[in-house]
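The values are calculated or read from the model by the stated rules, or taken from the named source; none is laboratory data. Keep in mind the model is a prediction, meaning the values are calculated, not measured. Cβ: placed from backbone, ideal geometry, glycine included. Neighbour counts: every protein chain shown.
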Amino acid sequence: MQSGYDESKALIDAWHGRGRQLYAVTPRFAVTSSEAQLEAAGALLHEHAGVYLQTHLAENRREAEAVAALYPDDASYTAVYDRHGLLGAHSLFGHCIHLDENERAHLSESGSVAVFCPTSNLFIGSGLFDAVLARHERFSLRTALATDVGGGTSYSMLRTAGEAYKVLQLQGQNLAPLQAFYDITLGNARALDLDRHIGALEVGLEADLVVLDARATPAMAHRSETIEGDLAEELFLLMTLGDDRAVRATYVAGERLHKADQTS
């Protein structure tokens, strides 16, 4: 246990804030963590300004039941993390599907982020993230949209947005294309408290850019024939049919690091 704390602290001291690098304290989740490990995670989080916390929260019901059995004195899964000082504005909790009202309110009050990971939720059959409930005026949870590549099925944020659309449709909700592209750009930057640096095309921000081609595949080109200058429709096409093949170029801090083969 002590070695884990010491090694993590050494990594934070060596790399957090060095250039553009930022560190995230990452306990697997409450099921696989001891009291001492969670306490160490909380200590690291509070000892180092700007460090993040990321872990899983209420992804599926069996997980929540296991946490209740392991931590019987805590009122909820969220309460376990709160008792160890893990909630806060730099805390990112993956999934957040099976939460009660008190947990949602607690996450909201602490400024913590509920991270929607649709491809993972669908692949594992965990449940459906309720965006309307998460953004309810009573809770107004901060949210983010992510891949969760451990259980997810794609690294592509276009595919992730497309799957998020399906998850919400199953609940009678809608993810408009402009909202989806906000979520995967400025929205996620704000969730990470990095919107002063990335997430938008503005003077003074770091130029991390992706150039997308809405006609990258034969199916996309065929579908695009019905689009007549409507930005929302073009974005909808990208989020429903697009994937890595739609990425024509990638720029990091203004430098082009990837250029697709135009003949592919």
Residue 195 passes all but one of the listed conditions (1) assigned to a strand (DSSP E or B); (2) under 30 Å from residue 114 (Cβ atoms); (3) not β-branched (Val, Ile, Thr); the exception is number (1)
In this structure, is residue 87 buried (at least 19 other Cβ atoms within 10 Å of the Cβ), at pLDDT 95 or above and in contact with a strand residue (DSSP E or B) (Cβ under 6 Å, 6 or more places away or on another chain)? no
When the residues of region 1-33 are filtered to those that are within 22 Å of residue 94 (Cα to Cα) and aromatic (Phe, Trp, Tyr), which remaining residue is surrounded by the fewest Cβ atoms within 10 Å (Cβ to Cβ)? 23
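Look at region 215-242 and say how many of its residues are acidic (Asp, Glu) and either at pLDDT below 95 or farther than 20 Å from residue 164 by Cα (or both). Reasoning before the result, please.
Quick first cut of region 215-242, residues acidic (Asp, Glu) only: 225, 228, 230, 233-234.
Retained after the next criterion (residues that are either at pLDDT below 95 or farther than 20 Å from residue 164 by Cα (or both)): 225, 228, 230.
Final tally of qualifying residues: 3.
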Please state which one of 243, 230, 261 is charged (D, E, K, R) and under 26 Å from the mean Cα position of the chain (by Cα). 243
Which condition number does residue 206 fail, the rest of (1) in contact with a His (Cβ under 8 Å, 6 or more places away or on another chain); (2) of a type outside the set (Gly, Ala, Ser); (3) assigned to a helix (DSSP H, G or I) being met? (3)
Checking residue 202 against (1) of a type outside the set (Lys, Arg); (2) outside the structural domain of residue 252 (by TED's automatic domain parsing); (3) buried (at least 19 other Cβ atoms within 10 Å of the Cβ); (4) more than 20 Å from the chain's Cα centre (by Cα), which single condition isn't satisfied? (3)
Against the conditions (1) without any contact (Cβ under 8 Å) to a residue 40 or more places away in the chain; (2) assigned to a loop (DSSP other than H, G, I, E, B); (3) of a type outside the set (A, V, I, L, M, F, W, C), where does residue 182 fall short? Just the number, please. (2)
In region 104-120, how many are more than 11 Å from the chain's Cα centre (by Cα) and either buried (at least 22 other Cβ atoms within 10 Å of the Cβ) or in a loop (DSSP other than H, G, I, E, B) (or both)? 5
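Considering only residues that are among the β-branched types (Val, Ile, Thr) and assigned to a helix (DSSP H, G or I), which ones fall in region 28-73?
If the condition is that a residue be among the β-branched types (Val, Ile, Thr) and assigned to a helix (DSSP H, G or I), then 31, 32, 67 are the ones that fit.
Yes or no: residue 158 modelled with pLDDT of 95 or more, in contact with a Cys (Cβ under 8 Å, 6 or more places away or on another chain) and in a helix (DSSP H, G or I)?
Values: modelled with pLDDT of 95 or more: yes; in contact with a Cys (Cβ under 8 Å, 6 or more places away or on another chain): no; in a helix (DSSP H, G or I): yes.
No; evaluated as a whole, the condition is false for this residue.
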Only one of 92, 99 that is in a loop (DSSP other than H, G, I, E, B) and buried (at least 17 other Cβ atoms within 10 Å of the Cβ): 99
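Does region 228-264 hold any residues that are of a type in the set (Val, Ile, Thr) and either assigned to a strand (DSSP E or B) or in contact (Cβ under 8 Å) with a residue 12 or more places away in the chain (or both), and which are they?
Of region 228-264, the ones of a type in the set (Val, Ile, Thr) are 240, 247, 250, 252, 263.
The answer is 240, 247, 250, 252.
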Please indicate, with yes or no, whether at least one residue in region 54-62 is among the hydrophobic types (A, V, I, L, M, F, W, C), over 25 Å from residue 134 (Cβ atoms) and modelled with pLDDT of 95 or more. no
